[in-house]
Amino acid sequence: MGVARVISQRMIKMTEGGSAIRAMFEEGARMAAQFGRENVYDFSLGNPNIPAPEKVRESIVRIASETDPMELHGYMSNAGYPEVRAKVAASLNRRFGADFNEDNILMTVGAAGGLNVLLQTLLDPGDEVLVFAPYFLEYGNYVSNFGGVLKAIPANIEGNFQPDAQALREAITPKTKALLLNNPNNPTGVIYTEETIRAIAAVLEEKQAEYGHPVYLISDEPYRELAYDGRKVPWLTGFYRNTLVGTSWSKSLSLPGERIGYVVVPSACDDAKLIFDAAVIANRILGFVNAPSLQQRVVAECLEEQTDVAAYDKNRRALYEGLTDAGFEAVYPDGAFYLWVKTPEDDRQFCDRAKKHRILVVPGASFACPGYVRIAYCVSFDMIRRSLPAFRALAEECGLSK
């Protein structure tokens, strides 16, 4: 029986495309077995290496020990525990001067789960979702899950990868249902400024009025807490009324495997209650049912905790300085934990060349922006230190050495 008779055509396409990041991660495991893990410099996966704050572990142990098992592990509202949602809302209100309550917060299975919930809620087949390149490669799959069409706006390379509002104006159409924005950005590490956000919001307001229907801004924010040099990440609901937020604690508390996050549906949004109620149903019918019960209770006690951003900052500085000293060009990251490096040749060829030096990085073509590679520096400082001679040798081979 042929493959096409077994699985859907859409999944055949996704399977063939695969994930360059995950493929590189698997390659790293094979190379580590062959050469020894200490001799392989794997910068492929954005998997936090900084331990979660101690309070997270303490909360897990205490809650698991003290809470009645039926209460701890049983079902709750598909939106999540009301008391947890209220605490999340109160935290956002304190931090950003917002006016949320529990009915604006939906607990989700990570930020990815939250984005899929929102897209399921908003999209009809053929609806467009715009993104600025470079963007997280899974967005295309998320949108196509619900029959939507992802349209990428070309990268504003000359503008240091800040989104170009005029390019947005030219790309948006009456079929556009949403703009999906990731800030701080994966893969560049760029933080979109207040000026950029205001310009984007002005275009969206203009087009809403022209088309006579809402165009939603979906803000994907798992890296919000990873900002350097005193930089602030704009809170988008304060700039554009029809903003929906999806985020998680995967990076801010180093909990990627726990799959815990939330969605914000502000009351000011057009059809806010309808969106929230539909999102709750989407949370259930997508198979999530509800966010993990234990982790909801844990994060509610750790809303003021944060991972060790200073450790990532140390890695950022060392890697950027080491690579630019070797002759590479790179965007100095404002946030997240990625370094976006210009390649002296086709980015996929460069990745293959880097493997000969036991360096694993992800080609920019995977983020709809060829000519660059992404280097995830959420690794040990020792690995960065040990990798620099290999990067220098790679630069020399490419004719970049200073």
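Here, each number is a calculation from the coordinates, and none is a lab measurement. If you're wondering where the values come from, they're calculated on a predicted model, not measured in any experiment. For neighbour counting, all protein chains shown are included, and Cβ atoms are generated from backbone atoms with ideal geometry for every residue, glycine included.
Extending 7 Å from the Cα toward the beta-carbon at both Glu329 and Asn47 defines two label points whose distance is 3.3 nm.
Listed by chain and number, the aspartates and glutamates placed with their C-alpha closer than 12 angstrom to that of Lys207 are Glu170; residues fewer than eight positions away on the same chain are left out. May I ask for the distance between the Cα centers of the stretch 27-76 and the stretch 163-224, given as a whole number of Å? That distance is 33 Å.
Against the chain, whose longest principal axis comes from its Cα atoms, helix 54-66 is set at around 40 degrees. Note on the chain: with a GNM built from Cα contacts shorter than 10 Å, the maximum mean-square fluctuation among Ala227, Ala318, Ala133 falls on Ala318.
What is the order of Met107, Met383, Met24, fewest Cβ neighbours within 10 Å to most? Could you put the intermediate results ahead of the total?
On the way: Met107 29, Met383 17, Met24 22.
In order of increasing Cβ crowding within 10 Å: Met383, Met24, Met107.
Using a Förster distance of 25 Å, how high is the FRET efficiency between Asn93 and Lys342, based on the Cβ-Cβ distance and rounded to 0.05? FRET efficiency, Asn93 to Lys342: 0.05. Residue pairs exceeding 19 angstrom between C-alpha atoms, taken from Lys55/Lys87; Lys151/Lys251; Lys87/Lys232: Lys151/Lys251; Lys87/Lys232.
Between the listed residues Ser44, Ser144, Leu123, the Cα displaced farthest toward the positive end of the dipole of the chain, a dipole computed from Cβ unit charges relative to the Cα centre, is found at Ser44. Per residue, the convex hull spanned by the Cα atoms of the chain amounts to 160 cubic angstrom. Between Gly322, Gly212, Gly238, the residue with the greatest mean-square fluctuation in the GNM of the chain (Cα pairs under 10 Å linked by springs) is Gly212. Assuming charge only on the beta carbon of Lys and Arg (+1) and of Asp and Glu (-1), the dipole of the stretch 74-300 about its Cα centre is about 540 debye to the nearest 20.
Test of understanding: ordering Ser387, Ser144, Ser8, Ser254 by Cβ neighbours within 10 Å, fewest first, what list do you get?
Values: Ser387 25, Ser144 17, Ser8 9, Ser254 21.
By the 10 Å Cβ count, ascending, the order reads Ser8, Ser144, Ser254, Ser387.
Seen against the Cα atoms of the chain and their longest principal axis, helix 347-356 is set at about 60 degrees.
Using the crude model of +1 on Lys and Arg Cβ and -1 on Asp and Glu Cβ, and no other charge, please compute the dipole size for the chain relative to its Cα centre, in debye to 20. Don't jump to the answer; show the numbers that get you there.
Numbers: 42 positive and 50 negative charges, 165 e Å.
For the chain, the charge dipole is close to 800 debye.
Helical runs (DSSP H, four residues minimum) scored at -39500 (n - 2.57) apiece and divided by the length of the chain put the mean residue ellipticity at 222 nm at -13000 deg cm²/dmol. Fewest-first ordering of Phe35, Phe239 by other beta carbons within 10 Å of each residue's beta carbon gives Phe35, Phe239. The calculated FRET efficiency for the pair Glu195 and Asp68, based on their C-beta separation and a Förster distance of 41 Å, comes to about 0.20. In this label model, Asp124 and His213 are separated by 0.5 nm, measuring between points 7 Å along each Cα→Cβ vector. Principal-axis analysis of the Cα atoms of the chain puts helix 381-397 at an angle of about 50° to the longest axis. Based on C-alpha pairs under 8 angstrom that are at least 6 apart in sequence, the stretch 74-300 has a relative contact order of 28 percent. Using Cα springs under 10 Å in a Gaussian network model of the chain, which residue among Gln295, Gln120, Gln34 shows the largest mean-square fluctuation? Result: Gln34 has the largest fluctuation of those listed.
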